[in-house]
């Protein structure tokens, strides 16, 4: 049996507040991400991109519509099922969320610890392998305080990849990186998607990486206004 599509969203809507303070931030969103597909989500700040990403990541409860993530229907999922689902998703958010008391290697090993059947030495080897892949092979023993913003971002990316997820969600993963490094990181994510059948949904404002996507989604005022194959001209 083929793996389920990492994301299938049907008429997803979401709002904040109640009564006169209620504000709809997502309106009838429909899209899918297939295994091995890299999809970039663009749009102005405040248009609902991060809210959509957190819904897909099972970090918020679904209010309206249908959303299947790795075959799990989130409309019917309880807290325990959403927690188990999050363990199968790689997440890269702008705050890094690194543990300050752990070294870069130990932070990344937290991702590898989710893989079943690996010894401690194998998980440690995985952590070092991914840190080398993001260009930090010489920073293994440094704690986050001693790393630059761009280095912290790369540690967070390595930690997400170390879990070998079936779905990777990323919120502006190249924002703290220079152009060359940012492109190398997205090429790494692209290779992961191809080799492991991992779906990638990435929020970005970076025009330098748009050509690396399989498909482009564009949002405005809570609506999806564009959904096209990246290699095809708009319109």
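Tabulated values for the structure
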{"item": "Residues being over 22 Å from residue 38 (Cβ atoms) and either surrounded by 15 or more Cβ atoms within 10 Å (Cβ to Cβ) or in contact (Cβ under 8 Å) with a residue 40 or more places away in the chain (or both) - total across the range 57-73", "result": "6"}
{"item": "Search result, residues across the range 202-229 that are more than 18 Å from residue 11 (Cα to Cα) and in contact (Cβ under 8 Å) with a residue 40 or more places away in the chain", "result": "202, 203, 204, 205, 209, 210, 212, 213, 214, 215, 216"}
{"item": "Test: residue 85 is touching a helix residue (DSSP H, G or I) at 6+ places or on another chain (Cβ under 9 Å), surrounded by 15 or more Cβ atoms within 10 Å (Cβ to Cβ) and either without any contact (Cβ under 8 Å) to a residue 12 or more places away in the chain or part of a helix (DSSP H, G or I) (or both)", "result": "yes"}
{"item": "All positions within the range 44-56 that are assigned to a loop (DSSP other than H, G, I, E, B) and buried (at least 22 other Cβ atoms within 10 Å of the Cβ)", "result": "48"}
{"item": "Matching residues in the range 183-229 - criterion: being assigned to a loop (DSSP other than H, G, I, E, B) and either over 24 Å from residue 54 (Cα atoms) or under 17 Å from the mean Cα position of the chain (by Cα) (or both)", "result": "197, 198, 204, 205, 206, 213, 214"}
{"item": "Residue within the range 114-124 that is surrounded by 15 or more Cβ atoms within 10 Å (Cβ to Cβ), part of a helix (DSSP H, G or I), in contact with a strand residue (DSSP E or B) (Cβ under 6 Å, 6 or more places away or on another chain) and on the phi < 0 side of the Ramachandran plot present", "result": "no"}
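Coordinate-derived values only; no laboratory data. Please read all numbers here as calculations on a predicted model, not as lab measurements. Heads up, the Cβs are rebuilt from the backbone with ideal geometry, glycines too, and the neighbour counts pull from every protein chain shown.
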